[in-house]
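Below: one structure, written as structure tokens.
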């Protein structure tokens, strides 16, 4: 789970929030060449995309599901199909040699063709936003998933979630301003001590007898 901070408005219009979520509900990938699709789903059922205010709000929490579908081509399949396409192009060209730009173009064409045939792989996450404290919880740690979630959250609710790393968390503990300024002035330091390398035996020189 990853924690964020997202300041909630003092007054929450539940119907307006539900309408904003509905506008960015998850949509299935169609026959286009899109490689991914993501959006909001019901936290109880990822197949439900019609979400009302009663489905979102639980006391001081806003809870919603996040679905992220991606098409991907297996690396080995892409390698083999690219080789097949390059061999065919060499047979048609004079000299049988392909330049770097031509090979890049072939790779892009092959990948686009295979993506159209690939089935999207769905990934499901949960999101819980404490509207009193501004703490936001997301059940995913992959960088790409977190970035897609943060983009959708900002577009939906108008506030950008900030990862709650220890540095920012310390500033939200209600410390005196003097301590907060001291914290901000601290220089980053590595807390990992490098392991010593293997000891190299010292071999004394043996002088040959004259």
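Remarks
- Legend: ranking of residues 78, 56 from fewest to most surrounding C-beta atoms inside 10 Å; resulting order 78, 56.
- For 51, 165, order by how many other beta-carbon atoms lie within 10 Å, fewest first: 165, 51
- When both bridge partners sit in the chain, DSSP labels roughly 95% of those beta bridges antiparallel.
- Structure remark: mean-square fluctuation, Gaussian network model of the chain, C-alpha springs under 10 Å; the largest value among 46, 163, 74 belongs to 74.
- For segment 75-117, dividing the convex hull volume of the Cα atoms by the residue count gives 63 Å³ per residue.
- Packing, taken as the mean count of other beta carbons within 10 Å per residue, orders the peptides 112-122, 62-72 from highest to lowest as 62-72, 112-122.
- Rounded to the nearest 500, the helix-only mean residue ellipticity at 222 nm of the chain stands at -11500 deg cm²/dmol, with each DSSP H run of n ≥ 4 adding -39,500 (n - 2.57).
- Compared with the direct C-alpha span, the chain from residue 133 to residue 177 gains 13.9 nm at full extension, assuming 0.36 nm per residue.
- Choice from 147, 187, 81 with maximal GNM fluctuation in the chain (Cα, 10 Å cutoff): 187
- Each label point was placed 7 Å from the Cα along the Cα-to-Cβ direction; for residue 102 and residue 160 their separation is 4.5 nm.
- For the chain, the equivalent ellipsoid derived from the Cα gyration tensor has semi-axes of 45, 39, 14 Å, listed largest first.
- Two-site FRET efficiency, residue 78 against residue 143, from Cβ-Cβ distance with R₀ of 30 Å, rounded to 0.05: 0.85
Where a number appears in this text, it was derived from the coordinates with a stated rule and is not lab data. Predicted model only: the values in this text are computed from it and were never measured. Cβ: placed from backbone, ideal geometry, glycine included. Neighbour counts: every protein chain shown.
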